[in-house]
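*Asks:* Got a structure for you, written out below as structure tokens; questions coming shortly.
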Amino acid sequence: MMNRYAELLFWAGRYIERAGNYARLIDVKYHMRYELYGHQNREYIWARLVETTGDIRRFEELYSNINAGTNELTVLHFLTFERSNNNSIFACVLQARNNIRTLRQLVAAELWEMVNSFYVWLKDQNVSQMMLQSPCMFYQKVREWTTLISGAIDTIMIRGQEWNFIQAGKHIERADNTLRIIQAVHQQMSRASADESNDYNYAVVLLKSVGAYESFRKLHPADVTFNRALQFMLTHRYFPHSVQYALSLLDNHVAALQLHERGKAAMAAASQQLAKAVHSAAEHCVSGETTVTETELNRLLLLSGQLGYAASSALLANPIHVGVS
């Protein structure tokens, strides 16, 4: 298959994962609101959520009066429904649908039907309807859709090149978004006043953001601290949303891909560099005396971006043969 088809498969995996992870990232804000402050009327700086996604410039272009335009409704619309924001949940689902439609001869009909049904449901939603019903229930529904599609990919696709390209995209995106969730909670914790700082509650918010709370409590029933939760999400070898787990599976999928050796080597080097930095950051949490700094988290996200660039470059570098012969 042409490199273009391999790229479409890779980005279909990224887009589906990104839609689910953006729903998780937004849900973190609501968890912080209720876990940390109960039902008190607290003012939130919603622009921080947009900053976490890296789309603040595009947001400012659409809402030029940033002080008046930045509120819960505008931010949720921008991250969820805005057609001109290429990283909104709607845009990700639309792009995944377009990719899968182009590749229908390579993927199961059932997968196309699921992605298309997700799109049809989502395009009929809007921020006003979502706020009237429940934002938390809406984003839970988005996560359920993406989990269903991810499960279908795992259960009905042959473990060939197509599947490996989708999985490579998925795990690059998952590592990046786990880091963004960590950054979002870490920033809120760092900027909280002394009376608002509650290590246990921030640990709970962080763990719940990726569905890790119960798994974590089974391993650390009496040690629920932010540092321990942070270490778990960075380096646990068997939890699906930890950065280390995502990088380990990425390495396996890359090894199975029919890429030029130079492209494979570049991806492996970028993955190893990120893994090394992740373990270095996690080591600061072991003693419980210190935690990662915002500078370290920014560096991890920079390395994650470099990994994504290395993957995209590898897909375009040389002819790739994918498809059923």
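The values are calculated or read from the model by the stated rules, or taken from the named source; none is laboratory data. In this text, all values refer to a predicted model and were calculated from it rather than measured experimentally. Glycine also receives a Cβ, built like all others from the backbone with ideal geometry; neighbour counts cover every protein chain displayed. We work out accessible area using only protein heavy atoms, side chains counted, and drop any ligands, DNA or RNA first. Shrake-Rupley method; radii C 1.70, N 1.55, O 1.52, S 1.80 Å.
*Asks:* Name the single residue, out of those in the stretch 119-153 being within 11 Å of residue 23 (Cα to Cα) and over 18 Å from the mean Cα position of the chain (by Cα), that is most open to solvent (accessible area, probe 1.4 Å).
*Replies:* 137
*Asks:* Only one of 215, 242, 209, 190 is touching a Lys or Arg at 6+ places or on another chain (Cβ under 8 Å) and small (Gly, Ala, Ser). Can you tell me which?
*Replies:* Testing whether each residue is touching a Lys or Arg at 6+ places or on another chain (Cβ under 8 Å) and small (Gly, Ala, Ser) leaves just 209.
*Asks:* Check whether at least one residue in the stretch 211-226 is part of a helix (DSSP H, G or I), in contact with a Cys (Cβ under 9 Å, 6 or more places away or on another chain) and either modelled with pLDDT under 90 or closer than 19 Å to residue 24 by Cβ (or both), and report yes or no.
*Replies:* yes
*Asks:* Considering only residues of the stretch 260-297 that are in contact with a His (Cβ under 9 Å, 6 or more places away or on another chain) and at pLDDT 90 or above, which is least open to solvent (accessible area, probe 1.4 Å)?
*Replies:* 297
*Asks:* Considering 249, 259, which residue is part of a loop (DSSP other than H, G, I, E, B) and either without any contact (Cβ under 8 Å) to a residue 24 or more places away in the chain or out of contact with any Phe, Trp or Tyr (no Cβ under 8 Å at 6 or more places or on another chain) (or both)?
*Replies:* Just a single option satisfies the conditions, and that option is 259.
*Asks:* Hey, another quick one. Residue pairs, Cβ under 7 Å, 6 or more apart or interchain, first in the stretch 303-325 and at pLDDT below 80, second among the polar types (S, T, N, Q). List them.
*Replies:* Listed by first residue and then by second, the contacts come to 316/3; 319/3; 320/3; 320/258; 321/258; 322/161.
*Asks:* Let me ask something additional. Output the number of residues of the stretch 60-110 satisfying the condition of being touching a residue at least 12 places away in the same chain (Cβ under 8 Å), of a type in the set (A, V, I, L, M, F, W, C) and more than 22 Å from residue 153 (Cα to Cα).
*Replies:* Residues in the stretch 60-110 being touching a residue at least 12 places away in the same chain (Cβ under 8 Å), of a type in the set (A, V, I, L, M, F, W, C) and more than 22 Å from residue 153 (Cα to Cα): 8 in total.
*Asks:* Could you check residue 68 against (1) assigned to a helix (DSSP H, G or I); (2) hydrophobic (A, V, I, L, M, F, W, C); (3) modelled with pLDDT of 85 or more and say which number it fails?
*Replies:* Among (1) assigned to a helix (DSSP H, G or I); (2) hydrophobic (A, V, I, L, M, F, W, C); (3) modelled with pLDDT of 85 or more, the lone unmet condition for residue 68 is (3).
*Asks:* Report, by residue number, each residue of the stretch 227-246 that is assigned to a helix (DSSP H, G or I), farther than 24 Å from residue 264 by Cβ and of a type in the set (Phe, Trp, Tyr).
*Replies:* 232
*Asks:* Further question on the same structure: Can you name the residue in the stretch 128-147 that is among the aliphatic types (A, V, I, L, M) and either at pLDDT below 95 or in contact with a Gly (Cβ under 6 Å, 6 or more places away or on another chain) (or both) and is also nearest to residue 163 (Cα to Cα) among such residues?
*Replies:* Filtering first and then ranking leaves 137.
*Asks:* When residues of the stretch 46-59 are filtered for being in contact (Cβ under 8 Å) with a residue 40 or more places away in the chain and either open to solvent by less than 30 Å² (accessible area, probe 1.4 Å) or more than 20 Å from the chain's Cα centre (by Cα) (or both), how many remain?
*Replies:* Qualifying residue count for the region: 3.
*Asks:* Considering 239, 226, which residue is open to solvent by less than 10 Å² (accessible area, probe 1.4 Å) and in contact with a Phe, Trp or Tyr (Cβ under 8 Å, 6 or more places away or on another chain)?
*Replies:* Only one candidate qualifies: 226.
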